[in-house]
Amino acid sequence: MSALALQEKALIGLFLALPALVLAAYGVRVAIAGRALDPRVERVSSTPLMGRFPIEAFHWALRGIGHSVSRTGISPDTITLLSLVISGASLPLAAFGMLPAAGASLVFGAALDALDGIVARERGIASHAGEVLDAVVDRYADAAPLFGLAIYYRASVPALLLVLFAVLGSMLVSYVRAKSEAMDLSLPGGLMRRHERVAYLTAGLFFGPVLHMASIPLPAPLTLLAVAVVALVSNLAAVQLTRAARVALIELGRGPKGHA
């Protein structure tokens, strides 16, 4: 077995072990002391694709890390930019077919992205300027692994278009939500918010090299399946959110009556 294959197996094992450890630890915490409630987490609705328990568990684990990091004096903006560098590394890694490494880059960058806000709140320096930087970095981080996969699947037009469709859906879900929040609208939770997209795409990147099917003339079909889920569900979610925003505006008398 090659050194690269061994590294991929090690990354896959780590990907399976760490979430299992976090979920088990949070389960013990809930059994002993109850749920670790946080106002920001309470506003993140669960969906059929991601339940309440894992959302609470991972935020709980990150809050513990953030509490320790906040004591170091590191700037939240520095953490945000570091998350961009690490997430951005998923582009060349995915492009060269190093899919588990790209998945590790993506999930580690996403963890740092969540950590910056926790550190800012711990230190009492949360600001709108930081939120703007965080939002922009999120969009680059969303695009990086998908652009890498677009290069990886460039030989197949259908696969390439599917990846680009996933890019479009990811951007639109975030854009519709941001535009609605700017208009003081409260939209339903909906599917394929960023934490869900990261979870499914990361899983696809980690497990993509595991399955090889002679009937499918494309590499890493599980990765492409994850991309298809993100593409389809995110674009449907964007349409649903757009309709919900229009209905809300019409009900508030801020849109043409008779149209939804």
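The 3J(HN,Hα) values that the Karplus relation (6.51, -1.76, 1.60; θ = phi - 60°) gives for region 71-83 are, in residue order, 6, 7, x, 5, 6, x, 5, 5, 5, 4, 5, 5, 5 Hz. Gly and Pro appear as x.
Below 9 angstrom from the Cβ of ALA36, what's the summed charge of the other residues (Lys, Arg +1; Asp, Glu -1)?
On the way: positive: ARG29, ARG35, ARG63; negative: ASP38, GLU56.
Cβ neighbours under 9 Å give a net charge of +1.
Short to long, the 10 Å bins of the Cα pair-distance histogram for region 131-260 hold 12, 38, 28, 15, 6, 1 percent of all pairs. Annotation: the residues MET183, MET50, sorted from fewest to most other C-beta atoms within 10 Å of their own C-beta, follow the order MET183, MET50.
Just checking the listed ones, ALA89, ALA182, ALA126: in the Gaussian network model of the chain with Cα springs under 10 Å, the one fluctuating most is ALA182. Cβ crowding within 10 Å, taken as a proxy for footprinting-reagent exposure, orders ASP38, ASP138 from fewest neighbours to most as ASP38, ASP138.
Kirkwood hydrodynamic radius for region 137-203: how many Å is it when counted over pairs of different Cα atoms? Before the final figure, lay out the partial values.
Values: mean 1/r = 0.0773 Å⁻¹.
After inverting the pairwise mean of 1/r, the radius is 12.9 Å.
Residues considered: ALA231, ALA102, ALA36. Largest GNM mean-square fluctuation over the chain, using C-alpha springs under 10 Å, is found at ALA36. Computed on the Cα trace of region 19-126, the radius of gyration divided by the Kirkwood hydrodynamic radius gives Rg/Rh = 1.01.
If R0 is 30 Å, what FRET efficiency do you get for VAL210 and LEU168 from their C-beta distance, rounded to 0.05? Intermediate values should be presented prior to the final figure.
Values: r = 28 Å, r/R0 = 0.92.
Efficiency at R0 = 30 Å is approximately 0.60.
In the Gaussian network model of the chain, springs joining C-alpha atoms below 10 Å, which of LEU211, LEU164, LEU93 carries the largest mean-square fluctuation? So, out of LEU211, LEU164, LEU93, the one fluctuating most is LEU211. Computed from backbone phi, the HN-Hα couplings of region 217-223 come to x, 10, x, 6, x, 5, 5 Hz, rounded to whole numbers (Karplus: 6.51 cos²θ - 1.76 cosθ + 1.60, θ = phi - 60°; Gly and Pro given as x). Divided by 2.2 N^0.38 Å, where N counts the residues, the Cα radius of gyration of the chain comes to 1.06. In order along region 14-23, phi translates into HN-Hα couplings of 5, 4, 6, 6, 5, x, 4, 5, 4, 5 Hz, rounded to whole numbers, per the Karplus curve 6.51 cos²θ - 1.76 cosθ + 1.60 with θ = phi - 60° and x for Gly and Pro. Loop-located trypsin sites (Lys or Arg not before Pro) across region 117-177 with a Cβ neighbour count of 14 or fewer within 10 Å are ARG154, with loop assigned by DSSP.
Values quoted throughout were computed directly from the atomic coordinates according to the rules given, and no laboratory measurement underlies them. Remember, it's a predicted structure, so these values are computed and weren't measured experimentally. For neighbour counting, all protein chains shown are included, and Cβ atoms are generated from backbone atoms with ideal geometry for every residue, glycine included.
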